[in-house]
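**Student:** Have a look at this one before I ask anything.
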Amino acid sequence: MNTTDNEKNGYIAIAEKYYAHMLSKNFDAMQECLHPDVVLISPLAEISGRDVVVAAAKNLSKILKEIEIRSKFSHRNQVMLAYDFMFPMPIGKLRAAALMDFNDGQISRIELFYDGRPFEQKKDEIFEKENS
């Protein structure tokens, strides 16, 4: 896959910043990476809107310990990341991938690929709207 496009537009750097901000719980900076009409598709839910996606990330980050990006590719306005999310046991290491689309220099669509079974009991906690 041609990564030359990304060297010009910086989409991989934005995708990496998005996850770095999630891990460091810098949700204001994370929100700046997202298009206002962002859509997130995961095995557990499909949600849309910057505030809703950030709220889900806040909830997920309560149990997230580490993120290790293992591989990254880009082509035109898309980035694909393969990474490991590290959670406390009993979840442990979760191998995942994200396909991200970009619009106006921001993430406009995130499609996540992972085994959702370890999160079945936490689904409502992660994808609830923030009450504050």
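**Student:** With a point put 7 Å past each Cα toward its Cβ, work out how far residue 94 is from residue 76 in nm, to one decimal.
**Tutor:** Between residue 94 and residue 76, the simple spin-label model gives 3.0 nm.
**Student:** Can you compute 3J(HN,Hα) from phi for each residue in region 61-77, using the Karplus curve 6.51 cos²θ - 1.76 cosθ + 1.60 with θ = phi - 60°, rounded to whole Hz and x for Gly and Pro?
**Tutor:** Along region 61-77, the couplings run 5, 5, 10, 7, 9, 7, 10, 10, 7, 8, 7, 8, 9, 9, 7, 6, 9 Hz.
**Student:** For region 1-107, what class follows from the C-alpha gyration tensor (a ≥ b ≥ c being the square roots of its eigenvalues): rounded when a/c is under 1.5, otherwise prolate if a/b is larger than b/c, else oblate? Could the numbers behind the result be given before it?
**Tutor:** On the way: a/c = 1.79, a/b = 1.29, b/c = 1.38.
Oblate, since a/c reaches 1.5 and b/c is not below a/b.
**Student:** Keeping to pairs on different chains or 8 or more places apart, tell me how many lysine pairs in region 4-115 have Cα atoms under 16 Å apart.
**Tutor:** 9
**Student:** Could you list which residues have their amide H under 5 Å from that of residue 107, counting only those 5 or more apart in sequence or on another chain, with H placed in the peptide plane?
**Tutor:** When sequence neighbours closer than 5 places are left aside, the close amide H contacts are 34, 35.
**Student:** Would you mind calculating the relative contact order of region 36-82 from Cα pairs under 8 angstrom and at least 6 residues apart, reporting the percent as a whole number? Walk me through the numbers before you get to the answer.
**Tutor:** On the way: 34 pairs, mean separation 9.9, N = 47.
The normalised contact order for region 36-82 reaches 21 percent.
**Student:** Right, here's the next one. Mind listing the long-range amide H neighbours of residue 38? Cut-off is under 5 Å, sequence gap 5 or more, other chains count too, H placed in the peptide plane at 1.01 Å from N.
**Tutor:** The list, which skips near neighbours in sequence, is 49, 50.
**Student:** Enumerate the calculated ³J(HN,Hα) couplings along region 15-22 in order (Karplus 6.51 cos²θ - 1.76 cosθ + 1.60, θ = phi - 60°), each rounded to whole Hz, writing x wherever the residue is Gly or Pro.
**Tutor:** 4, 5, 4, 3, 6, 5, 5, 4
Read-outs throughout are calculated quantities, based only on the coordinates presented, and are distinct from any laboratory measurement. Because the structure is a prediction, the values reported are computed rather than measured. Cβ coordinates were reconstructed from backbone atoms using ideal geometry, including for glycine residues, and neighbour counts include every protein chain displayed.
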